[in-house]
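First comes the structure, then the notes that go with it.
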Amino acid sequence: MSEILFLGRCGEQNARSVEIDLRPLLRRWPGLTASLLARRPGEEEAYPADARQEGERLVWTISRADCALAGMGSAQAVLLDEAGTVAVRGEMLETLILPGLADGGETPEAMEPWVNRVLKAATLRGAYPRVTAQAGEEPVALQPNTWYDFGEVESLTVTLAPGEDDTVTREYCFSFSSGDTAATLTLPEEVRMANAAQIQAGKTCQVSILDGIGVMVCA
């Protein structure tokens, strides 16, 4: 199965670009112009995405319209003939858009001091409670909507506790650091990673899992 293209979170504008390799298509059908079709989550019709061809790759800068809906969508590179008609279709790619809070609202005046404190304390950690945890020989069961900080580990195995309220979105978040050697991370088999971040020695990684899709950032 091909890698999932992570497009970002709802409400983002030009926050990231996605590159699609055109070599398998152009080397078989040279001389044609490449374009990109995209289908947003929950919609049936595809639309021409605003992607530009740079040599043997397509570069797709994700707009607010592209990531307006959360969930799994799809994208497909196509080759056009001189008349602008689709002549060749490439591999169907899965896309992922994570939810984001809608902006534009006003903060009630009486809540302003409280909101400010929460935003400052939640920078890079979200509004979830933070728990200092330890990795051991047994898998660690993560509770939803809680941030787990494991510190420096050699290896880490986690499972996902189901949670008690099915009406609440369940997000599983944790961070860990590697020492002189890169740590090993084992996730449940049902979790699919939307990106291929590499765990490296001396780096800290943050992981978020939502609806069985994981995103990891290491720095």
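Observations on the structure shown:
- Hits in segment 56-81 - residues which are touching a residue at least 12 places away in the same chain (Cβ under 8 Å) and either outside any strand (DSSP E or B) or on the phi > 0 side of the Ramachandran plot (or both): Glu56, Ile62, Ser63, Arg64, Asp66, Cys67, Ala68, Leu69, Ala70, Gly71, Asp81
- Condition check for Arg28: surrounded by fewer than 16 Cβ atoms within 10 Å (Cβ to Cβ) and either in the same structural domain as Ser74 (by TED's automatic domain parsing) or not polar (S, T, N, Q) (or both): yes
- Of all residues making up segment 169-191, the number that are within 16 Å of Ser208 (Cβ to Cβ) and of a type outside the set (Phe, Trp, Tyr): 10
- Subset of segment 192-204 (residues that are modelled with pLDDT of 90 or more and either assigned to a strand (DSSP E or B) or at negative phi (or both)): Ile199, Gln200, Ala201, Lys203, Thr204
- Selection within segment 144-172: residues that are more than 19 Å from Met216 (Cβ to Cβ) and not charged (D, E, K, R). The member of this set that is modelled with the highest pLDDT is Ala161.
- Positions within segment 1-45 being of a type in the set (A, V, I, L, M, F, W, C) and not in a loop (DSSP other than H, G, I, E, B), in sequence order: Leu5, Phe6, Leu7, Val18, Ile20, Leu25, Leu26, Ala34, Leu36, Leu37, Ala38
- The number of residues in segment 1-39 that are modelled with pLDDT under 90, of a type outside the set (S, T, N, Q) and closer than 12 Å to Gln76 by Cβ comes to 1.
- Restricted to segment 46-55, and to residues there that are outside any loop (DSSP other than H, G, I, E, B) and among the charged types (D, E, K, R), the residue that is nearest to Ala75 (Cα to Cα) is Arg52.
- From the list Ile62, Ile20, the one residue that fits, being in contact with a strand residue (DSSP E or B) (Cβ under 9 Å, 6 or more places away or on another chain), farther than 14 Å from Glu91 by Cα and surrounded by 20 or more Cβ atoms within 10 Å (Cβ to Cβ), is Ile62.
The values are calculated or read from the model by the stated rules, or taken from the named source; none is laboratory data. Note that the structure is a prediction, hence the values are computed from the model and not measured. Positions of Cβ are backbone-derived with ideal geometry, glycine not excepted, and every protein chain shown enters the neighbour counts.
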